[in-house]
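These notes are about the structure you will find just below.
The values are calculated or read from the model by the stated rules, or taken from the named source; none is laboratory data. Note that the coordinates shown come from a computational prediction; the quantities given were computed from them, not determined experimentally. When we count neighbours, we look across all protein chains shown, and the Cβ atoms used for this are built from the backbone with ideal geometry, even at glycine. Accessible surface areas use protein heavy atoms only, side chains included; no ligands, DNA or RNA. Shrake-Rupley method; radii C 1.70, N 1.55, O 1.52, S 1.80 Å.
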Amino acid sequence: MSTDPRVALSVLISCLEEHLSAVSGKRGAQDASISAAFLAVADAFEEYEDSLYEAYEEFLPLTITDEDDDDDPYDVDEDSKSG
């Protein structure tokens with residue numbers, strides 16, 4: 001079952017607003033609420049893009065980087081903790 005693009009867009013906007021709230025209320029460098037909001041935005045973006053493609057065969061001019069990228073600001077590996 002596909003999601004209506006307008007519904008998916010509303011969810012994306014809501015996730016972006018939650019992300020802004022988490023960032024503006026940041027409680028430290030490793031605030032878990034920011035990481036959760038970041039991932040929610042990424043998931044909502046993918047859902048919106050999928051629904052947009054299913055309905056109109058169009059994509060957005062943006063991409064989401066893979067969570068496993070070395071540049072992920074919310075992924076602290078063991079080597080960086082010790083240094």
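Observations, loosely collected:
- Test: residue in segment 31-44 that is in a loop (DSSP other than H, G, I, E, B), more than 22 Å from residue 6 (Cβ to Cβ) and without any contact (Cβ under 8 Å) to a residue 40 or more places away in the chain: yes
- Leading residue by the ranking (nearest to residue 63 (Cα to Cα)) among those in segment 1-30 that are outside any helix (DSSP H, G or I) and open to solvent by less than 50 Å² (accessible area, probe 1.4 Å): 3
- Close pairs (8 angstrom Cβ cut-off, 6 or more residues apart or separate chains): polar (S, T, N, Q) in segment 3-19, open to solvent by less than 50 Å² (accessible area, probe 1.4 Å) and assigned to a helix (DSSP H, G or I) anywhere: 3/51; 14/44
- Residue within segment 49-63 that is among the acidic types (Asp, Glu), modelled with pLDDT of 90 or more and surrounded by 15 or more Cβ atoms within 10 Å (Cβ to Cβ) present: yes
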